[in-house]
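Trainee: Can you read through this structure? Questions will come right after.
The values are calculated or read from the model by the stated rules, or taken from the named source; none is laboratory data. Since we're looking at a predicted model, the values are computed, not measured. Neighbour counts run over all protein chains shown; Cβ positions are idealised from the backbone, glycine included.
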Amino acid sequence: MNSTRLVATGLDDSLCTNCGIPLDAKYFDESGVAELPGPSQDVVLARFQLVPQYCGTLEYFSQFTDLYARDPSRIETPGLEWVILANNRPLHPYLRLDRVLNPWGYGSFQFSVRLDEGTTLEFLVRRPALGTASGSGPFIAPFSTSIVLNIIGGPAPQTVKPVSMAQITPGKKLLIGAGSGQEWVTVTASTRRDFTAVFKNNHTGPVAVTGEMLTRVGGRIMGRYWYNAGYGELLTRRS
């Protein structure tokens, strides 16, 4: 009996000619928003698990903090660690991020990190224990004080004396007052006893002063996954 062996000399029509990913690959898109975790705690923001005989790629991730949403210059997140895990192991090169690399809603740089069969992918934010080098930050530890005297709003900078100057430094944003007249101000100068800012609204003393806080975090992961015939053939051979 004569046998004929066929050798493929062209490209596989089932694969994309640009990236080699199967044309019938599907997308995954997982996201979540949560309250800031406590010291020594972490929270999983997004999770995706590949089923047996499927592999894939992670192509995008994005981050959210309510602090960044108020002020896009606040990309640093001291006191927090952002980690992407694949089967409980940090996924290189996204090991321990301490800033917002890809803001939620603004898109991100595409990349391609291969995910093996059955990979469990998790995007989490971790808050180390207080007292450690990365366990606290200027936007994590809450603080509040008050200004005893009345404030008359206006366009010119005013210098006021709060009960405490702890954590009040130039560039810091402070929430002043309460109710309909509540406003955010930016500290332009400070001494050991007072600070200067522009107050647009009137405030009756004692005036509440609250430090800018990061209270909510979010994460999103996106990628593609597809059936890998190689895994199916392996199972067939074993059986």
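Trainee: Take the stretch 93-105 and flag every residue that is in contact (Cβ under 8 Å) with a residue 12 or more places away in the chain and not in a strand (DSSP E or B).
Mentor: If the condition is that a residue be in contact (Cβ under 8 Å) with a residue 12 or more places away in the chain and not in a strand (DSSP E or B), then 95, 96, 98, 100, 101, 102, 104, 105 are the ones that fit.
Trainee: Moving on. Considering only residues that are over 23 Å from residue 79 (Cβ atoms) and in a strand (DSSP E or B), look in the stretch 196-223 and name the one that is nearest to the chain's Cα centre (by Cα).
Mentor: Of the stretch 196-223, the ones over 23 Å from residue 79 (Cβ atoms) are 196-208, 222-223.
Now drop any that are not in a strand (DSSP E or B), which leaves 196-197, 203, 207-208, 222-223.
Numbers: 196: 32, 197: 30, 203: 35, 207: 33, 208: 30, 222: 14, 223: 17 Å.
In this case the residue turns out to be 222.
Each row is one residue, and each column tells you yes or no for (1) acidic (Asp, Glu); (2) on the phi < 0 side of the Ramachandran plot; (3) without any contact (Cβ under 8 Å) to a residue 12 or more places away in the chain.
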{"site": "49", "(1), (2), (3)": "no, yes, no"}
{"site": "68", "(1), (2), (3)": "no, yes, no"}
{"site": "76", "(1), (2), (3)": "yes, yes, no"}
{"site": "79", "(1), (2), (3)": "no, no, no"}
{"site": "85", "(1), (2), (3)": "no, yes, no"}
{"site": "91", "(1), (2), (3)": "no, yes, no"}
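Trainee: Next up: Residue 37 passes all but one of (1) at pLDDT below 85; (2) of a type outside the set (Ser, Thr, Tyr); (3) within 13 Å of residue 125 (Cα to Cα); which number fails?
Mentor: Checking residue 37 against (1) at pLDDT below 85; (2) of a type outside the set (Ser, Thr, Tyr); (3) within 13 Å of residue 125 (Cα to Cα), the one that fails is (1).
Trainee: Does the stretch 53-63 contain any residue that is in contact with a helix residue (DSSP H, G or I) (Cβ under 7 Å, 6 or more places away or on another chain), over 22 Å from residue 214 (Cβ atoms), assigned to a loop (DSSP other than H, G, I, E, B) and at pLDDT below 90? Spell out the reasoning first.
Mentor: Applying the first criterion (in contact with a helix residue (DSSP H, G or I) (Cβ under 7 Å, 6 or more places away or on another chain)) to the stretch 53-63 yields 53.
Now narrow it down to the ones that are over 22 Å from residue 214 (Cβ atoms): 53.
Right, trim to assigned to a loop (DSSP other than H, G, I, E, B) and you get 53.
Subsequent filtering for residues that are at pLDDT below 90 retains 53.
Yes, the conditions are met somewhere in the stretch 53-63.
Trainee: Check 39, 72 and return the single one that is in a loop (DSSP other than H, G, I, E, B) and in contact (Cβ under 8 Å) with a residue 40 or more places away in the chain.
Mentor: Working: 72 fails: in contact (Cβ under 8 Å) with a residue 40 or more places away in the chain.
On inspection, the qualifying residue turns out to be 39.
Yes/no per residue for (1) over 16 Å from residue 127 (Cβ atoms); (2) surrounded by 16 or more Cβ atoms within 10 Å (Cβ to Cβ); (3) of a type outside the set (A, V, I, L, M):
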residue: 56; (1), (2), (3): yes, yes, yes
residue: 63; (1), (2), (3): no, yes, yes
residue: 72; (1), (2), (3): yes, no, yes
residue: 86; (1), (2), (3): yes, yes, no
residue: 100; (1), (2), (3): no, yes, no
residue: 109; (1), (2), (3): yes, no, yes
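Trainee: For residue 123, only one of the following conditions fails: (1) under 30 Å from residue 54 (Cα atoms); (2) touching a Pro at 6+ places or on another chain (Cβ under 6 Å); (3) at pLDDT 95 or above. What is its number?
Mentor: All conditions are met except number (2).
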